[in-house]
Each structure stands twice: as C-alpha cells, then as structure tokens.
Amino acid sequence: MRQVFLVRHGSHDRLGRILCGRMPGVSLSETGRAEAQALARRLAGSGAGLVLASPRERTAETASPIAASLGLAVVTEPGLDEIAFGDWTGRAVDDLAAEPAWTLWNTARTTARPPGGESMAEAQGRIGRVLESLAEDGAPAILVSHADVIRAALLRVLGLGLDAYDRIVVDPASCSELALWPGGGRVVSLNERIAP
C-alpha cells in the first residue's frame, strides 16, 4: 500500500475570475506563496520520497517548498496537468456563463468537452495512469495538481461517475490523502486546508 497526497496548487490573482487552464504565466499570489509554505510545514513529516507536479508554474511554485522541506527535487509529471480548456482558456468565468457549451460542461462532465479542448474523462485517464504507477508498496508520494484533475482522481478511487464532480470540494492549497494498492484504493481524507 502507498500513501498518496493530492495537493491543489495555492491561490493566484485570477482564481475564480479567469479560466486559466494551461495558459502560461499564472503564478502564485502572495497568499498562494504563504499557502505553499504552510503545505510544506504540514507535509515535512510525511516521509514522502517523491514529489510530482503538473507542468504549470503555479503547481511548480507550490511543490517547490514542499520538496525542499523533504530534501527532494520536484519531478514534472504531464499526467497531472490542468485540463486543456481549448477556446475557453483565459476567458472570464462570468462571460462563459451565458454559453450553452459552458452550461453543458458544468452539468454533464461525463460527456461534455470544452470547444477545442480535453474532456474530463481524458484528464481522469491521465491521472489514473499516474495513480496506477504508484499503487504498490513504497514511500508516500505527493502529487501537486489542479482542482478538476484532483476531483477526477478522487471520483475514480471512490467509484463515482464524473458527473458527481461538484460533490467534492478541492480548495486552493488543500490536501487530500489516498491509500493505494494494486487494483484498488481508498480516500483517507478530503480537502484538508492548512492555514498559512
């Protein structure tokens, strides 16, 4: 069995207003940097032997102090990347609210796809392969990723469909814990927030 921590990146200045997706140049805010330090303090005693992060700047900036607290290097893992939002990337969330495709995305994640982007099922497949590669005995692992990708991982472990994505809260700088083994796993804790 392996203990796996799913960590969402810290806060940034566009959070909740802009659908950033994979757009470059999205860095942690001052609050986000403080959150990353708090996560580092929380996870310093975890005994983790591996810190993986999505290729986005905000995840690397969150993972860096965590890895440093453990004497490890951050390993970039494309399977943890944010969902590719295609034509919606960089758009204001308020502007998207009037679009039927946005409504469909938020009501039918099992079948919907952002225009020119990736489905949540594809994102779940990516992170699922990462989890499968870790489902063996070994030192704990820390995975720093994004809200919907973490939701997809949690739903997979819980055996729930993707349309249940909004039943799980994954706050910025939160930590959820899994126990994984070959062919299975369980959610140990969900959305633990550590105050900076």
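The values are calculated or read from the model by the stated rules, or taken from the named source; none is laboratory data. If you're wondering where the values come from, they're calculated on a predicted model, not measured in any experiment. No Cβ is skipped: glycine too gets one built from the backbone with ideal geometry, and neighbour counts run over all protein chains shown. Just so you know, the surface numbers come from the protein's heavy atoms only, side chains and all, with ligands and any DNA or RNA stripped out. Shrake-Rupley method; radii C 1.70, N 1.55, O 1.52, S 1.80 Å.
Listing for the model above:
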item	result
Test for GLU61: is it within 20 Å of VAL170 (Cβ to Cβ), open to solvent by 60 Å² or more (accessible area, probe 1.4 Å) and in a helix (DSSP H, G or I)	yes
Any hit, the range 53-73, residues being within 13 Å of the chain's Cα centre (by Cα) and among the β-branched types (Val, Ile, Thr)	yes
Failed condition for ALA98, given (1) without any contact (Cβ under 8 Å) to a residue 12 or more places away in the chain; (2) under 17 Å from GLU118 (Cα atoms)	(2)
Selected residue (only one of ARG42, ARG109, ARG113, ARG17 is in contact (Cβ under 8 Å) with a residue 40 or more places away in the chain, touching an Asp or Glu at 6+ places or on another chain (Cβ under 9 Å), closer than 18 Å to ILE150 by Cα and of a type in the set (Lys, Arg))	ARG109
Scan of the range 15-33 for residues that are open to solvent by less than 20 Å² (accessible area, probe 1.4 Å), within 16 Å of TRP88 (Cβ to Cβ) and in contact with a strand residue (DSSP E or B) (Cβ under 8 Å, 6 or more places away or on another chain), ordered by number	CYS20, VAL26
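Conditions tested, residue by residue: (1) of a type in the set (Lys, Arg); (2) open to solvent by 10 Å² or more (accessible area, probe 1.4 Å); (3) under 12 Å from the mean Cα position of the chain (by Cα); (4) over 22 Å from GLY45 (Cβ atoms).
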position: ALA121; (1), (2), (3), (4): no, yes, no, yes
position: ILE127; (1), (2), (3), (4): no, no, yes, yes
position: ALA147; (1), (2), (3), (4): no, yes, yes, yes
position: ARG151; (1), (2), (3), (4): yes, yes, yes, yes
position: LEU155; (1), (2), (3), (4): no, no, no, yes
position: GLY159; (1), (2), (3), (4): no, yes, no, yes
position: LEU162; (1), (2), (3), (4): no, yes, no, yes
position: SER176; (1), (2), (3), (4): no, no, yes, no
position: PRO182; (1), (2), (3), (4): no, yes, no, yes
